[in-house]
1. Which ³J(HN,Hα) values in Hz, rounded to whole numbers, follow from the phi angles of the range 103-115 under the Karplus curve 6.51 cos²θ - 1.76 cosθ + 1.60, where θ = phi - 60° and Gly and Pro get x?
2. Tell me, what ³J(HN,Hα) does each residue in the range 449-454 have, in order and in whole Hz, if you take phi through Karplus 6.51 cos²θ - 1.76 cosθ + 1.60 with θ = phi - 60° and put x for Gly and Pro?
3. With a Förster radius of 56 Å, plug the Cβ-Cβ distance of residue 126 and residue 318 into 1/(1 + (r/R0)^6) and report the FRET value to the nearest 0.05.
4. Taking 25 Å as R0, compute the FRET efficiency from the Cβ-Cβ separation of residue 469 and residue 499 and round it to 0.05.
5. Mind checking which lysines have their Cα closer than 23 Å to the Cα of residue 451? Skip sequence neighbours fewer than 8 apart in that chain.
6. Regarding the range 317-385, what are the three Cα extents along the principal axes, ordered largest first, in Å?
7. Considering only protein heavy atoms and a 1.4 Å probe, what is the carbon-and-sulfur percentage of the accessible area of the range 245-342?
8. Could I have the simple spin-label model distance between residue 293 and residue 184, label points 7 Å from Cα toward Cβ, reported in nm to one decimal?
Amino acid sequence: MGTQCTGTGSWPNCSTSTCWATPPTLDSDLSQGIQPVQGLALCTLSTMGSAEMCRDLAPEVEKLLLQPSPYLRKKAILTAVHMIRKVPELSSVFLPPCVHLLHERHHGILLGTITLITELCERSPAALKHFRKVVPQLVQILRTLVTTGYSTEHSISGVSDPFLQVQILRLLRILGRNHEESSETMNDLLAQVATNTDTSRNAGNAVLFETVLTIMDIHSAAGLRVLAVNILGRFLLNSDRNIRYVALTSLLRLVQSDHSAVQRHRPTVVDCLQETDASLSRRALELSLALVNSSNVRAMMQELQAFLESCPPDLRADCASGILLAAERFAPTKRWHIDTILHVLTTAGTHVRDDAVANLTQLIGGAQELHAYSVRRLYNALAEDISQQPLVQVAAWCIGEYGDLLLEGNCEEIEPLQVDEEEVLALLEKVLQSHMSLPATRGYALTALMKLSTRLQGDNNRIRQVVSIYRSCLDVELQQRAVEYDTLFQKYDHMRAAILEKMPLVERDGPQADEEAKQSKEAAQLSEAAPAPTESQASQLLDLLDLLDRASGDAQHPPPLDPSPGGALVYLLDLPCAPPPPAPIPDLKVFEREGVQLNLSFIRPPENPALLLITITATNSSEGDVTNFICQAAVPKSLQLQLQAPSGNTVPARGGLPITQLFRILNPNKAPLRLKLRLTYNHFHQSVQEIFEVNNLPVESWQ
């Protein structure tokens with residue numbers, strides 16, 4: 001092969017420190033006519049060729065693509081694939097030979113050509129547009145493979161050349177994405193592949209899976225998409241765990257766009273919850289939670305609650321949080337909602353989210369007709385187990401608020417239970433003395449005892465003794481609370497009943513509250529009369545003033561408005577008006593990498609200034625799609641964060657439809673806002689994960 005560059009500076013354009021120039025041996029070896037030498041040079045270039053070498057030798061490789069020898073053409077195609085990956089701007093050099101190579105019958109050349117075209121289309125919009133013209137030819141090649149076979153020596157387990165089929169399907173998926181005409185051309189073929197491929201072997205399953213991915217990515221017919229979902233449903237029954245995992249992952253991606261089709265396989269998905277493999281059961285749990293809706297919430301909650309009792313410890317937190325979110329969103333009745341949360345707290349109380357206690361207390365407080373039922377259920381649960389801290393906290397709060405209803409015993413919805421005052425006080429003292437109780441739990445119990453002092457008919461000496469004991473508690477928070485309560489007994493006993501009244505109803509924030517507000521707003525809009533014909537602003541103002549004046553007697557029309565701007569301003573200043581809306585909060589760009597950009601927009605509802613709505617918008621201006629996009633967030637402990645479901649997980653290339661996701665942050669103390677974001681996605685066949693903090697949020701978003 002001749003001499004090699006030694007890095008001594010003897011070759012032209014070669015420096016002593018770093019040798020970037022193309023070695024003359026590669027150039028000469030590619031141009032001479034000895035096939036083994038040319039093949040070895042192509043292998044060297046495709047394995048270790050730098051960007052500079054690829055630019056210098058691209059014309060030589062292009063010539064070898066058209067050589068009569070199949071041996072050289074195969075190696076030249078693989079070298080061209082490496083060159084495109086290294087230097088995408090070389091795509092224009094290899095466009096013309098690819099069209100010619102598609103007519104080859106040689107298996108290796110055709111497989112390499114499909115791979116080369118795939119690389120070109122992923123990296124060059126011009127190449128993508130160019131090769132959409134050959135979609136009918138690709139469809140014909142794949143149809144021949146399915147019907148008559150290409151070469152028996154490349155068949156595996158009765159499936160005709162599955163490697164070539166998979167590569168063609170991947171290329172068709174790229175060519176048909178966001179292109180109606182190309183998608184329509186391949187629809188019939190995809191249906192044929194999906195129905196005629198043998199599924200008894202792994203090779204057939206691989207072809208079917210690529211077919212499903214292609215159907216879901218292009219503009220396919222509705223019936224074809226249902227067929228694809230049914231194929232994934234059959235995969236769930238496969239004995240191979242890997243195939244079941246792939247099916248669950250794919251169905252999870254499709255549940256947003258084809259919810260009704262995926263819903264048909266709900267029983268099979270629920271059965272997968274009992275898988276012994278942790279990754280399978282986790283995927284089945286995520287998909288089961290995504291399938292919950294208002295029509296199946298009762299049945300699905302029964303299955304998920306049964307799974308919660310036996311699931312592995314590492315899945316218990318996700319399962320409990322998912323059940324609570326689904327119950328809050330789709331609860332048919334308040335009593336069912338309370339029962340569901342109580343079951344979760346009883347089964348996995350230590351694994352629930354931090355806001356579970358606050359949500360349940362708000363729910364019980366807003367259901368006045370269920371106060372007696374709730375306090376009795378919680379009392380029974382507390383008497384059986386005081387180890388589940390969230391359950392103990394809710395029970396202590398409820399007993400303190402509605403202890404009088406517990407003692408009355410007039411709840412007809414559960415079995416009668418006779419409870420006396422001493423038993424209630426003894427149970428709360430047991431919570432205070434338990435080594436399992438957290439300081440926050442003891443605070444709930446101490447407050448409950450204090451509230452019972454105004455709700456019980458007997459002597460309060462026992463309560464006063466317990467409160468006085470905690471005046472010397474080592475926990476500062478508990479000590480301060482006990483001192484304040486003891487002061488109420490000693491100095492302000494006449495005010496104690498008023499201070500310890502039942503808590504007023506707190507306005508709830510959450511998915512269910514949003515739905516109720518939305519329905520109320522729609523009902524109000526429907527009940528309004530038809531709008532009056534369009535009038536001038538001055539006439540509408542006169543009509544409004546007329547309506548306001550009618551309530552106090554005879555209508556007094558104000559003087560006509562001065563048409564001049566100054567007169568109108570003087571007149572408007574005399575009118576009572578609502579405060580001006582708050583100034584809009586500026587948007588903020590928090591992330592940008594290789595064309596992927598993340599922007600935040602902010603809204604603070606005037607009726608609830610403590611609530612901040614952040615809309616995350618992910619855009620993609622690059623040439624490659626962003627897939628499997630996930631955005632996760634965290635805030636300081638003094639704030640409450642709720643993540644809504646994103647609009648999707650794929651951001652198409654070149655400014656396609658962006659992904660949006662809503663964050664709801666409750667900040668009652670107006671603490672400085674900080675966000676920690678974690679982004680994970682796939683871009684240009686690479687997995688990307690970014691973790692960063694956002695500390696420059698606008699002051700208007702939290703002050």
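1. Once rounded to whole Hz, the list reads 8, 5, 9, 5, 4, x, 5, 5, 5, x, 5, 4, 5.
2. 4, 5, 5, 5, 5, 9
3. Result of the calculation: an efficiency of 0.80.
4. About 0.70, to the nearest 0.05.
5. Result set, ordered by chain and number: 430, 491, 502.
6. 31, 28, 17
7. 48
8. Distance between label points: 3.0 nm.
The values are calculated or read from the model by the stated rules, or taken from the named source; none is laboratory data. A quick note: this is a predicted structure, and the numbers were derived from the prediction, not measured. FYI the Cβ positions are ideal-geometry reconstructions off the backbone, even for glycines, and counts take in every protein chain you see. Quick note on the areas: whole protein, heavy atoms, side chains included, nothing else; ligands and nucleic acids left out. Shrake-Rupley method; radii C 1.70, N 1.55, O 1.52, S 1.80 Å.
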